[in-house]
Amino acid sequence: DTGVSQNPRHKITKRGQNVTFRCDPISEHNRLYWYRQTLGQGPEFLTYFQNEAQLEKSRLLSDRFSAERPKGSFSTLEIQRTEQGDSAMYLCASSLGALEAFFGQGTRLTVV
Amino acid sequence: KQEVTQIPAALSVPEGENLVLNCSFTDSAIYNLQWFRQDPGKGLTSLLLIQSSQREQTSGRLNASLDKSSGRSTLYIAASQPGDSATYLCAVGGGSNYKLTFGKGTLLTVNP
């Protein structure tokens, strides 16, 4: 098991472009979470999947954000019409039930 | 709404010193509490998980305690080393989806 994998590690995009990030969780983990972290802050919850079902979305997740987890495996997070305020580290985590959460290395997004 | 506070925000100590990082949370209805380490520009590494029914957990030079009724946790690091320099994040898991609510972290610097 190689842990939680996120791609790409870094993404620089122009304002207004769409971007998509991918997260591959630990294979047997049924729960998958996306968080966003800005400089000097702790990560903030964005959305949660149990298997393929998206069960909770934060109010931070505007209409420009969409996430999927087809077949309960990998997950994608898409941001449409990016804004400078979207610049952040996007972190993915997985867990089995209420057990320990494991995080990936994150995707650093810079919107210019 | 759960709020997590970490004190101090930054700490600088000489190598070999024992130290304590503090975490407090406002809602005692938690499932677990997790301590993470984050190196600059990197993802989160899980250090210790304490379930709500537990009082403490130990791993090597690290010991974490939990007092759920008073809404407090401490992370004790023994015999600190320069390699321990990082940001330490406390997160509480709660709600039906066990999502984590994070503090802003404590930036630890261990000087050789």
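Bear in mind these aren't lab numbers, they're just calculated from the coordinates by the rules spelled out. In this text, all values refer to a predicted model and were calculated from it rather than measured experimentally. For neighbour counting, all protein chains shown are included, and Cβ atoms are generated from backbone atoms with ideal geometry for every residue, glycine included.
Could you list, in sequence order, all residues of segment B:83-112 that are part of a strand (DSSP E or B) and farther than 14 Å from B:Asn32 by Cβ?
Matches in segment B:83-112: B:Ala86, B:Thr87, B:Tyr88, B:Leu89, B:Thr106, B:Leu107, B:Leu108, B:Thr109, B:Val110, B:Asn111.
When the residues of segment A:68-112 are narrowed to those that are charged (D, E, K, R) and assigned to a helix (DSSP H, G or I), which ends up farthest from the chain's Cα centre (by Cα)?
A:Lys71
For B:Ser80, state whether it is part of a loop (DSSP other than H, G, I, E, B) and surrounded by fewer than 16 Cβ atoms within 10 Å (Cβ to Cβ).
When the stated conditions are applied, B:Ser80 does not pass them.
Checking the conditions here, which among A:Gly72, A:Gly85 is out of contact with any Ser or Thr (no Cβ under 8 Å at 6 or more places or on another chain), of a type outside the set (Asp, Glu) and touching a residue at least 40 places away in the same chain (Cβ under 8 Å)?
Among A:Gly72, A:Gly85, only A:Gly72 is out of contact with any Ser or Thr (no Cβ under 8 Å at 6 or more places or on another chain), of a type outside the set (Asp, Glu) and touching a residue at least 40 places away in the same chain (Cβ under 8 Å).
Within segment A:12-35, which residues are in a strand (DSSP E or B) and out of contact with any Lys or Arg (no Cβ under 7 Å at 6 or more places or on another chain)?
Within segment A:12-35, A:Ile12, A:Thr13, A:Thr20, A:Phe21, A:Arg22, A:Cys23, A:Asp24, A:Arg31, A:Trp34, A:Tyr35 qualify.
Quick check on segment A:81-112: of everything there that is of a type in the set (Gly, Ala, Ser), within 16 Å of A:Leu32 (Cα to Cα) and surrounded by 15 or more Cβ atoms within 10 Å (Cβ to Cβ), which residue is farthest from the other protein chains (Cβ to nearest Cβ)?
Among those residues, the one meeting the criterion is A:Ser94.
If you take the residues in segment A:36-67 that are of a type in the set (Asp, Glu) and in a strand (DSSP E or B), which one is nearest to the other protein chains (Cβ to nearest Cβ)?
Step by step, filter segment A:36-67, then rank; the result is A:Glu56.
Checking B:Glu56 against (1) in contact (Cβ under 8 Å) with a residue 12 or more places away in the chain; (2) away from chain A (no Cβ under 11 Å), which single condition isn't satisfied?
All conditions pass for B:Glu56, except number (1).
What is the residue count in segment A:35-80 for residues that are surrounded by fewer than 21 Cβ atoms within 10 Å (Cβ to Cβ) and among the β-branched types (Val, Ile, Thr)?
2
Could you identify the single residue in B:Ser28, B:Ser24, B:Ser65, B:Ser70 that is part of a strand (DSSP E or B), more than 14 Å from every other protein chain (Cβ to nearest Cβ) and small (Gly, Ala, Ser)?
B:Ser65
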